[in-house]
Amino acid sequence: MTQDVEMKDNQTPTESVVSAPTSTLQNLKEIAALIDTGSYTKEVRRIARAVRLTVGLRRQLTGSVISSFLDFALVPGSEAHTRLSSFVPKSDEHDMEVDTASSTSQAPPKHLPAELEIYCYFIVLLLLIDQKKYSEAKACSSASIARLKNVNRRTVDVIASKLYFYYSLSYELTDDLAEIRSTLLALHHSATLRHDELGQETLLNLLLRNYLHYNLYDQAEKLRSKAPRFEAHSNQQFCRYLFYLGKIRTIQLEYTDAKESLLQAARKAPVASLGFRIQCNKWAIIVRLLLGEIPERSIFTQKGMEKPLRPYFELTNAVRIGDLELFGNVQEKFAETFAKDRTHNLIVRLRHNVIRTGLRNISISYSRISLQDVAQKLRLNSANPVADAESIVAKAIRDGAIDATIDHKNGCMVSKETGDIYSTNEPQTAFNSRIAFCLNMHNEAVRALRFPPNTHKEKESDEKRREKKQQEEELAKYMAEEDDDDF
Amino acid sequence: MDPQLTEVSQQFERFKAAFARKDYNTCSDLLSQLKVLLTKFTSLPPLFENSPNAAKELTIARDIYEHAVVLSVKTEDQDAFERDFFQLKPYYVDARNRIPSSPQENLILGLNLLRLLVQNRIAEFHTELELLSSATLEDPCIKHAVELEQSFMEGAYNRVLSARQTAPDATYVYFMDLLAKTIRDEIAGCSEKAYDYVSISDARQMLLFSSDQELLTYVKEEHPDWEVKEGFVVFQKAKETAPCKEIPSLQLINQTLSYARELERIV
């Protein structure tokens with residue numbers, strides 16, 4: 001009884017809705033045709049273009065559209081079809097109507113290229129993840145990975161790497177990442193054997209992400225150092241790789257390398273990927289603080305980043321002033337933010353920097369100051385402040401942070417006169433480093449001239465991944481067409 | 001109970017008895033035997049099979065390794081410590097869900113952190129630190145090691161030495177002694193840069209010697225460039241770098257050549 005009522009209610013909206021899914025369906029069919037020709041002629045770029053077009057359609061995919069597409073693309077009743085259809089949610093009641101309307105007019109394709117089947121898995125996955133049905137996404141992606149093992153064609157690589165990404169994503173969203181580690185490793189192994197470079201890159205990044213999720217920095221570093229490296233195929237994968245590399249280097253106390261990687265990642269990331277850039281910037285700020293340099297204020301006022309970077313701004317302030325008490329307060333105040341970003345341990349290391357900066361300020365301002373006063377100004381809060389202060393000052397002198405001597409008998413610190421700096425080699429070395437930097441920049445710019453600059457940025461969406469994919473596909477297509485022109 | 005399990009338990013009891021007697025040689029022998037017996041259990045890492053006695057086997061194996069670690073501290077064998085600790089680690093990490101946590105876990109983790117600190121492997125120290133959850137970080141054993149590293153980095157060496165008294169466990173004493181030696185070298189290094197001269201009594205206090213004689217032998221052996229006269233230790237400051245009048249010609253030539261080369265490349 002209730003079913004009849006529902007059907008009647010859906011009669012009127014069906015007509016108006018039929019036209020909308022049809023156009024999406026039309027697009028999907030065009031994409032399917034594209035994939036067909038691509039697989040027939042073995043041209044990777046057609047497949048790449050197909051994937052790019054799909055990304056644009058992502059918002060309009062619904063359960064009904066996908067089921068009708070599945071009916072069109074795969075032979076109904078075949079094993080693949082039943083499997084995939086079971087994943088598609090049957091929430092829309094007018095599934096029936098649309099099905100009968102569209103499927104009668106099209107004849108199913110004669111042969112089924114493997115790419116098309118994998119592609120179907122791909123759009124079903126997209127739908128499930130967008131609708132937040134994560135456990136089903138998990139099941140679907142595992143099925144697709146199992147299917148992928150049997151297919152060994154270069155044309156599938158582009159779609160396959162997207163599938164790997166969503167596979168890992170669905171497991172991560174259900175908090176089950178440790179399970180798939182061995183699968184990812186096996187996939188990476190076979191990708192390397194088949195010279196599937198895009199797959200290799202994607203899988204390496206996914207593995208690193210997996211390890212870093214559980215804080216297993218040691219293993220991540222071991223994998224990264226042993227995995228084969230090559231020219232990056234995809235800008236986004238390269239950015240991700242740089243970010244993970246930066247994180248590993250930071251934990252291993254190699255701050256200079258870390259700073260380079262993180263800043264490069266933040267620079268290369270497309271403007272629309274706000275979340276990613278925020279993360280990069282957070283870590284870059286901390287690394288710079290640990291290196292002893294203060295990041296400029298303009299970093300904190302970048303568009304869209306003000307609020308998330310606010311705790312780090314206050315932290316920088318505390319370090320810049322060299323005030324231990326303020327530092328302690330900031331640390332407590334934003335403890336949860338730092339715990340969430342997993343930067344808590346790094347911030348603990350910053351305490352040392354705060355003391356150093358404080359000491360430096362004191363040594364510059366006073367020519368002679370008693371150690372008692374030093375301890376007071378530094379707000380050391382310890383049981384034996386004078387002795388502590390003395391050893392801290394001694395170490396700072398040894399490390400070259402301040403230029404002074406200690407007069408033990410009188411218990412005071414005497415700052416040295418800073419001589420005329422222009423009569424030494426200092427200016428020459430400073431100039432040299434700047435010149436080298438500019439020349440390097442020039443060389444890199446020349447090398448990068450092959451790629452067109454990313455001038456068109458659409459601000460419509462705030463889903464960072466979708467925009468990134470679009471950019472990447474455009475670039476790849478551009479490159480491929482350029483190659484064609486050369487012939 | 002499984003006959004193998006019984007045998008292992010008995011051996012283990014003998015091991016514990018020998019340990020209490022401080023008979024370390026017997027302990028080492030028994031330990032090697034125990035390790036061989038443990039290979040027969042399949043529920044242990046790396047296999048982690050689910051046999052019926054899995055929980056008991058895991059617990060016993062973990063206890064054995066924990067004792068092995070403590071034994072290596074007593075015999076002052078750092079390599080053995082490292083080996084046994086690495087074998088113990090999977091029990092803490094992967095088997096966490098299968099067996100209830102061990103009371104000695106934090107103690108052993110703290111010992112490991114301390115060992116890395118003493119061997120100056122600070123990068124690994126921090127990597128290990130990342131693996132610990134925030135709850136573990138509150139534990140006194142771990143906190144002790146973390147604060148030690150902080151004070152060491154800052155240079156507040158007297159804090160490090162006073163921490164020796166507050167060590168949470170007797171097993172820490174061995175590492176603290178090693179640390180004391182490292183600190184002494186550090187203090188000496190800092191002092192020679194920071195002070196022009198120090199009186200002998202002050203030097204003795206700073207470097208933690210109990211008598212002047214020890215101080216003098218130390219100075220003679222380790223720092224021959226320090227002079228001792230009139231009751232003062234004078235750090236060699238005569239090598240004050242006068243403003244360098246020489247030009248490092250080779251370096252300048254190299255730099256200029258590289259500029260020329262790069263500029264040529266600019267089309």
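For the reader, a short list of remarks on this structure follows.
- Rolling a 1.4 Å probe over the protein heavy atoms leaves A:Lys333 with an accessible area of roughly 130 Å².
- Residues whose amide H falls under 5 Å from that of A:Cys412, counting only those 5 or more places apart or on a different chain, are A:Leu371, A:Asp407, with hydrogens built in the peptide plane.
- Across the protein chains, with a 1.4 Å probe defining accessible surface, the residues A:Arg320, A:Arg154 rank A:Arg320, A:Arg154 from largest area downward.
- Occluded residues from the stretch A:396-415, i.e. those whose accessible area drops by 20 Å² or more once the chain is not alone (1.4 Å probe): A:Ile397, A:Arg398, A:Thr405, A:Ile406, A:His408, A:Lys409
- Distribution of pairwise C-alpha distances over the stretch B:124-247, 5 Å bins, in %: 2, 9, 17, 17, 14, 12, 10, 8, 6, 4, 1, 0
- Other residues within the sphere of radius under 12 Å centred on the Cβ of A:Ala50, judged by their own Cβ, net out at +2 (K and R +1, D and E -1).
- Taking every protein chain into account, the 1.4 Å probe leaves A:Glu306 with about 120 Å² of accessible area, to the nearest ten.
- D_trans [Stokes-Einstein, Kirkwood Rh over alpha-carbon pairs] for the stretch B:137-202, 25 °C, 0.890 mPa s, µm² s⁻¹: 189
- The separation of the stretch B:206-220 from the stretch A:157-220, counted between C-alpha centres, amounts to 59 Å.
- Protein-only accessible surface order, largest first, of B:Lys89, A:Lys42 at 1.4 Å: A:Lys42, B:Lys89
- When B and A come together, around 3500 square angstrom of accessible surface is lost from both chains combined, probe 1.4 Å.
- Summed residue charge, Cβ within 11 Å of A:Asn384's Cβ, Lys/Arg positive, Asp/Glu negative: -1
- The mean number of partner chain beta-carbon atoms within 10 angstrom of a residue's beta-carbon across peptide A:384-394 is 6.
- The largest-to-smallest principal axis extents of the Cα set in the stretch B:196-239 are 31, 19, 17 Å.
- Per residue accessible area in Å² of the stretch B:196-239, where ligands, DNA and RNA are left out and the probe is 1.4 Å: 63
- Here the scattering of the stretch A:366-420 is modelled by Debye summation over its C-alpha atoms, one equal scatterer each and no solvent; at q = 0.12, 0.25 Å⁻¹ the log10 of I(q)/I(0) is -0.25, -1.01.
- Dmax and Rg, reported as Rg then Dmax, of the stretch A:280-417 (C-alpha, Å): 16.4, 56
- For chain B, calculated [θ]222 nm from helices alone, where every DSSP H run of n ≥ 4 adds -39500 (n - 2.57): -21500 deg cm²/dmol
- Checked against a 23 Å cut-off, the cross-linked pairs A:Lys42/A:Lys226; A:Lys377/A:Lys409; A:Lys222/B:Lys74 give Cα-Cα distances beyond that limit for A:Lys42/A:Lys226; A:Lys222/B:Lys74.
- Euclidean distance between Cα centres, the stretch B:161-190 to the stretch A:328-378, Å: 25
- B:Glu138, A:Glu473, ranked by accessible area, largest first (probe 1.4 Å): B:Glu138, A:Glu473
- Cβ-based net charge around A:Gly400, under 13 Å, with every Lys or Arg adding one and every Asp or Glu removing one: +4
- Ordering of A:348-356, B:125-133 by packing [mean C-beta count within 10 Å, highest first]: A:348-356, B:125-133
- Per-residue shielding of A:353-365, expressed as the average number of other chain Cβ atoms within 10 Å of the residue Cβ, stands at 1.
- Spatially proximal lysines relative to A:Lys468 (Cα-Cα < 17 Å; intrachain offsets below 8 disregarded): A:Lys162, A:Lys268, A:Lys457, A:Lys459, A:Lys477
- Accessible surface of the stretch B:108-245 [probe 1.4 Å, protein heavy atoms]: carbon and sulfur percent: 54
- Once all protein chains are placed together, A:Ser182 keeps about 80 Å² accessible to a 1.4 angstrom probe.
- Inverting the pair-averaged 1/r between distinct Cα atoms of the stretch A:222-281 gives 11.8 Å as its Kirkwood hydrodynamic radius.
- Residue-normalised convex hull volume from the C-alpha trace of the stretch B:98-191: 99 Å³ per residue.
- The value obtained for the stretch B:3-195, namely the Cα convex hull volume divided by the number of residues, is 121 Å³ per residue.
The values are calculated or read from the model by the stated rules, or taken from the named source; none is laboratory data. Here the structure is a predicted model, which is why all the values come from computation and not from measurement. Cβ sites come from the backbone with ideal geometry, for glycine too, and all protein chains shown count toward neighbours. Surface areas here come from the heavy atoms of the whole protein model, side chains and all, with no ligands, DNA or RNA. Shrake-Rupley method; radii C 1.70, N 1.55, O 1.52, S 1.80 Å.
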